[in-house]
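Asker: Got a structure for you, written out below as structure tokens; questions coming shortly.
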Amino acid sequence: MILSFWVNLILIYPMTALAASSDILESFSGSDGISLYIRSELKDNGATARVDGLEAVSVTADYIKDIAIPVRTLVLLDNSLSIKDEDRDKIYEFLQDLIADRMDDELICVALYGEEADYLCEYTSDYIILKKAIDSIAYEDRETYLTDILYEVLDNDEWESSDAFYRIIIITDGRNGDRLGYTTDELYALLDKKACPVYTIGCSNSKCSNTSELEELFAISRKSQAESFLLDDTDTLDITERLRADENIIRYKIVPDESLLDGTYRSLIASINGTKYSLEVKMPDNPSQGDISGISEEGLNEASDEAVALEWGRVVMSIILLIAAGLLIFAFIYKIKHKKARPPADKSISKEDEDLKCFGDDPTQFVDFSPKCSDANTVGLWDDFERFNVSLTDKHSKCLTAVLSPHKKIVVGRSPDNDIVIENEKTISKKHCEIYAAEGHIYLKDLQSSNGSFVNGIKISKESEILPGDLLKIGNAEFVFELH
């Protein structure tokens with residue numbers, strides 16, 4: 001064991017030292033293997049890899065432009081007044097070039113940052129949505145905290161949920177507000193753990209020298225194996241072309257031995273273009289749940305018994321549903337027959353009952369927007385009803401409801417005193433948004449939340465009309481809006 005330790009140490013040390021000739025930009029561990037993204041002039045179709053000493057089952061190499069791997073580009077723009085006017089024009093030109101010359105599988109997200117990141121759109125390849133986002137950019141008097149924002153962006157579990165090539169483009173003059181937050185050392189440590197190329201575009205400050213701030217900014221790019229640009233000295237088309245070159249980054253897909261697929265961290269040593277790489281990677285979990293080669297006959301019998309029991313359960317449930325449906329039909333017919341024999345109703349009903357009579361016997365029925373109780377020619381949303389039940393249904397089919405009336409708004413957020421409370425979602429503000437009715441229409445209004453409100457993928461600046469079936473994104477939570 002001691003001899004094995006020294007042999008591995010002797011082998012690994014030169015491997016790590018030689019790895020500087022090419023750069024591992026990112027790595028990803030998924031159910032189908034481990035992906036290494038490397039910027040290199042040559043693609044090595046004979047690359048090999050070992051995980052904990054065991055030879056990998058296979059190693060394949062592909063340019064990301066040749067495979068269906070999405071490129072996710074996040075643009076972080078400093079929109080403070082310290083950015084001079086001529087740079088603002090060049091920034092707009094650059095963003096126009098970037099979205100027009102995007103890669104085939106590239107998804108772009110544009111965000112402004114100060115104390116927090118303000119996302120103008122979701123990740124998308126839709127040119128119209130991206131154009132609206134950059135057209136909405138306005139510069140304002142604000143403090144900027146680049147280190148904190150970049151740390152929070154990188155420390156996002158969503159980036160580890162799918163095999164994609166992530167990259168960040170920061171456009172700023174390098175100003176970094178002075179507050180108790182993350183340090184540069186903490187940011188660099190996170191970049192070591194969650195590698196991601198961070199391209200930086202620096203703007204010189206005409207009022208005071210910002211040379212030292214730009215040096216610190218460009219150091220982030222060097223740390224993350226990315227390029228940096230000084231906007232004063234670089235044509236925007238040149239920046240776009242150099243960013244476009246990322247489509248020639250090579251993804252090496254490594255499939256480890258099946259015995260190692262247990263979700264733990266293990267030592268990976270890869271030999272690519274004569275360069276040795278050594279790194280710790282998290283193993284995928286074993287996806288071969290459908291493989292029965294190692295299952296005993298007793299296990300197969302148990303599985304068969306479970307399948308039979310499940311089938312009988314479905315039959316019983318179907319019979320119950322049929323009986324229930326028959327009872328409902330019988331009750332409905334009985335109700336109609338007895339309703340015809342009723343004496344005339346007492347007309348001295350209350351005003352509240354009169355207001356709610358259009359709901360019928362079921363106050364949670366879906367609303368028909370055609371007029372039923374009014375003989376007027378105007379078809380307004382409130383002609384028939386004084387109240388609606390609003391429901392927000394998330395992707396897990398969890399439904400949150402509240403009553404909406406012409407005189408009562410619905411406030412949504414994390415605070416327990418809201419009309420609709422969304423817990424355990426830190427991207428949602430305490431008072432995030434509100435739903436209200438005005439002039440026969442229903443609107444969603446953002447209450448200056450930290451992470452914004454979206455209607456069908458488009459961020460709303462103040463308010464937006466919403467209709468049943470619209471997709472609302474509140475922070476990172478998504479809901480389908482309905483009226484009953």
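Asker: Do the conditions hold for ASP97, that is, is it open to solvent by 50 Å² or more (accessible area, probe 1.4 Å) and either touching a strand residue (DSSP E or B) at 6+ places or on another chain (Cβ under 6 Å) or not small (Gly, Ala, Ser) (or both)?
Answerer: Taking the combined requirement at face value, the residue does not satisfy it.
Asker: Moving on to the next point. Are any of the residues in the stretch 172-181 crowded, with 20+ Cβ neighbours inside 10 Å and hydrophobic (A, V, I, L, M, F, W, C)?
Answerer: no
Asker: Report yes if THR48 is open to solvent by 50 Å² or more (accessible area, probe 1.4 Å), at negative phi and modelled with pLDDT of 90 or more, otherwise no.
Answerer: Yes, satisfied.
Asker: Can you name the residue in the stretch 1-42 that is part of a loop (DSSP other than H, G, I, E, B) and open to solvent by less than 70 Å² (accessible area, probe 1.4 Å) and, of all such residues, is modelled with the highest pLDDT?
Answerer: This residue is SER40.
Asker: Same structure again: Just checking, does the stretch 412-419 include any residue being in a strand (DSSP E or B), more than 16 Å from LYS473 (Cα to Cα), at pLDDT 50 or above and open to solvent by 70 Å² or more (accessible area, probe 1.4 Å)?
Answerer: no
Let's see how each residue does on (1) open to solvent by less than 40 Å² (accessible area, probe 1.4 Å); (2) part of a loop (DSSP other than H, G, I, E, B); (3) of a type in the set (Lys, Arg):
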position: LEU444; (1), (2), (3): yes, no, no
position: GLN448; (1), (2), (3): no, yes, no
position: ASN451; (1), (2), (3): no, yes, no
position: PHE454; (1), (2), (3): yes, no, no
position: SER461; (1), (2), (3): no, yes, no
position: SER464; (1), (2), (3): yes, no, no
position: PRO468; (1), (2), (3): no, yes, no
position: LEU472; (1), (2), (3): yes, no, no
position: VAL480; (1), (2), (3): no, no, no
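Asker: Sticking with this one: Being touching a strand residue (DSSP E or B) at 6+ places or on another chain (Cβ under 6 Å) and at positive phi, is that true of even one residue in the stretch 239-261?
Answerer: Looking through the stretch 239-261, none of the residues is touching a strand residue (DSSP E or B) at 6+ places or on another chain (Cβ under 6 Å) and at positive phi.
Asker: Here are some conditions: (1) open to solvent by less than 10 Å² (accessible area, probe 1.4 Å); (2) at pLDDT below 90. ASP105 meets all but one. Which one does it not meet?
Answerer: Going through the list (1) open to solvent by less than 10 Å² (accessible area, probe 1.4 Å); (2) at pLDDT below 90, ASP105 breaks only (1).
Asker: Of everything in the stretch 108-141 that's free of Cβ contacts under 8 Å to residues at least 40 places away in the same chain, part of a helix (DSSP H, G or I) and within 27 Å of ARG175 (Cβ to Cβ), which residue is least open to solvent (accessible area, probe 1.4 Å)?
Answerer: Filtering the stretch 108-141 for residues that are free of Cβ contacts under 8 Å to residues at least 40 places away in the same chain, part of a helix (DSSP H, G or I) and within 27 Å of ARG175 (Cβ to Cβ), the one least open to solvent (accessible area, probe 1.4 Å) comes out as LEU130.
The rows are residues; the columns are (1) at pLDDT below 90; (2) over 24 Å from the mean Cα position of the chain (by Cα); (3) under 18 Å from TYR145 (Cβ atoms).
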| site | (1), (2), (3) |
| --- | --- |
| ILE170 | no, no, yes |
| GLY177 | yes, yes, yes |
| CYS203 | no, yes, yes |
| LYS207 | yes, yes, no |
| PHE218 | no, yes, no |
| LYS223 | no, yes, no |
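Asker: Suppose we keep only residues that are farther than 19 Å from GLY30 by Cβ and of a type in the set (A, V, I, L, M) within the stretch 240-269. Which one would you say is surrounded by the most Cβ atoms within 10 Å (Cβ to Cβ)?
Answerer: LEU243
Asker: Search the stretch 182-225 for residues being in a loop (DSSP other than H, G, I, E, B) and of a type in the set (Lys, Arg), and hand back the single one that is most open to solvent (accessible area, probe 1.4 Å).
Answerer: My answer is LYS207.
Asker: Determine which member of the set TYR119, TYR92, TYR139 is under 21 Å from the mean Cα position of the chain (by Cα) and not charged (D, E, K, R).
Answerer: That would be TYR119, the only listed residue that is under 21 Å from the mean Cα position of the chain (by Cα) and not charged (D, E, K, R).
Asker: I would also like to ask the following. From the residues in the stretch 226-239 that are assigned to a strand (DSSP E or B) and open to solvent by 10 Å² or more (accessible area, probe 1.4 Å), which one is nearest to THR147 (Cα to Cα)?
Answerer: SER228
Asker: In the stretch 420-442, which residues are assigned to a strand (DSSP E or B), open to solvent by 70 Å² or more (accessible area, probe 1.4 Å) and touching a Pro at 6+ places or on another chain (Cβ under 9 Å)?
Answerer: Hits for the stretch 420-442: nothing passes.
Asker: Would you say LEU146 is within 19 Å of the chain's Cα centre (by Cα), among the hydrophobic types (A, V, I, L, M, F, W, C) and either more than 20 Å from ARG242 (Cβ to Cβ) or open to solvent by 30 Å² or more (accessible area, probe 1.4 Å) (or both)?
Answerer: Spelling it out, it is not the case that LEU146 is within 19 Å of the chain's Cα centre (by Cα), among the hydrophobic types (A, V, I, L, M, F, W, C) and either more than 20 Å from ARG242 (Cβ to Cβ) or open to solvent by 30 Å² or more (accessible area, probe 1.4 Å) (or both).
Asker: A further question follows. State the number of residues belonging to the stretch 430-484 that are over 14 Å from the mean Cα position of the chain (by Cα), of a type in the set (Ser, Thr, Tyr) and modelled with pLDDT of 90 or more.
Answerer: 3
Asker: Out of the residues in the stretch 88-104 that are part of a helix (DSSP H, G or I) and among the hydrophobic types (A, V, I, L, M, F, W, C), state the one that is farthest from ALA164 (Cα to Cα).
Answerer: Of everything passing the filter in the stretch 88-104, ILE91 is farthest from ALA164 (Cα to Cα).
Asker: Here are the criteria: (1) surrounded by fewer than 10 Cβ atoms within 10 Å (Cβ to Cβ); (2) at pLDDT 65 or above. Tell me which single one VAL281 does not satisfy.
Answerer: Status for VAL281: all satisfied but (1).
The values are calculated or read from the model by the stated rules, or taken from the named source; none is laboratory data. In this text the structure is predicted, and so the values were computed from the model without any measurement. Reconstructed Cβ throughout: ideal geometry from the backbone, glycine too, with neighbour counts over all protein chains shown. Remember, those area values only see protein heavy atoms, side chains included, never the ligands or the DNA or RNA. Shrake-Rupley method; radii C 1.70, N 1.55, O 1.52, S 1.80 Å.
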